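Here is the structure we will look at, set down as structure tokens.
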Amino acid sequence: DPSSSSSAETSVVPELPGFYYDAEKNRYFRLLPGHNNYNPLTKDSIQYKAMECKRLRLLEEEEKQMKKTTRAGLNSSVLLQKRQLGLLSSTSYCRLVHELKVNCMQRRKIEIHSPDSSVAGTNNFKIIVADVACERIFTVNDVEHGGCKYGIINLSGLGKESLTVEMYDNLYFTNRKVNSVCWASLTHPDSHVKLCLMGIAETPGCASLLPASLFSSTNPGDRPGMLCSFKISTAWSCAWCLNPQADNCFSTGLTRRVLVTNVVTGHRQTFGTNSDVLAQQFATQTPVLYNGCRSGEIFSIDVRQRNRKGQSWKAIRLFHGSAVTSIHLMEAEHYLMAADMAGKIKLWDLRTTKCVKQYKGHHNEYAILPLHVNEEEGLLTAVGQDCYTRIWSLQDAHLLRTIPSPHPLSKDAIPSVVFSSRLGGSRGVPGLLMAVKQDLYHFSY
């Protein structure tokens, strides 16, 4: 882990106020204020230079394939031999094989094709979110004059040797920041997209539900309009419910409250909270909504109950020491994964309300960063504020790989990723899809 290794190196020598230690020259140098035009040497600039050197070194190692095995004695021939001898179950064998494949992923840049040549490569990627089948990704791009532009990329081209994808042109953009995005299944799986926009100045926030067909390449005259849109206070998160007992419902995490809306009937339920709700997810087996707050609290709501005063409607309650930025309910719905702004990723047992595992190495201080859990492959993926993408084993929380960003480290260049063994659908290709700046990369295995 590059962030931990840098701190380990500097911790060997004592820190002196007003000075910094140069490891290469093995001596101290005076640290001058940042406003000094003749020698603008600051602690931040020194740290940035050190991190940039590490990033370039890691990129060079990746290009030369100098990576070591994540576990001692782990290789494909040994795994196959143990499997044939009956020493490994099929589940353990598949999990370890995925670990080996992830360690050997190679980065390749994807060429984005578009009917309009001005569309591809003009705006920076901010968010990419894949549908359930991983056939399409919804993209949010920063626009030069402010605001965001959004659309859908078809991943069917990833199976070709040329590694190309298609981005359709559209005129949908907003002058406000997109805080949260999720896919919604109203008429069929992933038929719509839910967007939460932040309010600016006197303009309130907005929550919109858009048909995914708006962004297809069909005749614009045949496209349906916006399904619903309403003004709200600043929306931090959103989630769609797939449980039939709360059919056609979605939630929006607002400032100190949760809003649950039925798209068809228009009925709304409001639940007051003590803090801003930054992360949300519905359970599928029950109509229960899990919420992660800025205060560090995680709580669940049964959306079948009517509004109540006070906090008596809260069911399961968990607590982090910092703002919860992402939550993920595991498939069996007995465990919940959560990440916070202190860089901690914890796996909670919902039956005992205790933390059973911690995944170390993640870096975060103030950003709202998502978690990506792939239970079938036994992998956890997260991008840190330091722009490194890290992959852990779900089984024992072992850090398998740390992937540096292809671009220089920057607050506005944090990669957004999608990981799947079937990118492009059931016959798709496996790997990691990374969007950073104006580029799209595919790490294949």
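Here are a few things to note about the model shown:
- Checking each residue of region 335-345 against the condition of being on the phi < 0 side of the Ramachandran plot, in a loop (DSSP other than H, G, I, E, B), at pLDDT 95 or above and not hydrophobic (A, V, I, L, M, F, W, C) gives at least one match.
- All of Ser6, Ser45 fail the test of being closer than 20 Å to Ser410 by Cβ, at pLDDT below 70 and surrounded by 11 or more Cβ atoms within 10 Å (Cβ to Cβ), apart from Ser6.
- Condition met for Val324 (in contact (Cβ under 8 Å) with a residue 12 or more places away in the chain and surrounded by fewer than 22 Cβ atoms within 10 Å (Cβ to Cβ)): no
- Residue within region 256-265 that is open to solvent by 20 Å² or more (accessible area, probe 1.4 Å), assigned by the TED database to the domain that holds Cys182, in contact with a Pro (Cβ under 8 Å, 6 or more places away or on another chain) and not aromatic (Phe, Trp, Tyr) present: no
- Some residue of region 312-332 being more than 22 Å from the chain's Cα centre (by Cα), part of a loop (DSSP other than H, G, I, E, B) and more than 28 Å from His192 (Cα to Cα): yes
- Residue tally, condition assigned to a strand (DSSP E or B) and either aliphatic (A, V, I, L, M) or open to solvent by less than 10 Å² (accessible area, probe 1.4 Å) (or both), over region 402-445: 14
- Within region 400-422, tally of residues that are closer than 18 Å to Glu375 by Cα and either at pLDDT below 90 or not aliphatic (A, V, I, L, M) (or both): 5
- Residues that are surrounded by fewer than 19 Cβ atoms within 10 Å (Cβ to Cβ), assigned to a strand (DSSP E or B) and modelled with pLDDT of 90 or more, drawn from region 271-311: Asp302
- When each of Pro224, Pro220 is tested for being over 23 Å from Val263 (Cβ atoms) and at pLDDT below 85, the lone residue that passes is Pro220.
- Single residue of Thr252, Thr261 found to be over 18 Å from Gly292 (Cα atoms) and in a strand (DSSP E or B): Thr261
- Failed item in (1) in contact with a Leu (Cβ under 9 Å, 6 or more places away or on another chain); (2) in the same structural domain as Gly296 (by the TED database); (3) part of a loop (DSSP other than H, G, I, E, B), with Cys387 passing the rest: (2)
The values are calculated or read from the model by the stated rules, or taken from the named source; none is laboratory data. None of these values were measured; they are calculated from a predicted model. With ideal geometry, Cβ positions are generated from the backbone for all residues, glycine too; neighbour counts draw on all protein chains shown. The area values use the complete protein model at the heavy-atom level, side chains included, leaving out ligands, DNA and RNA. Shrake-Rupley method; radii C 1.70, N 1.55, O 1.52, S 1.80 Å.
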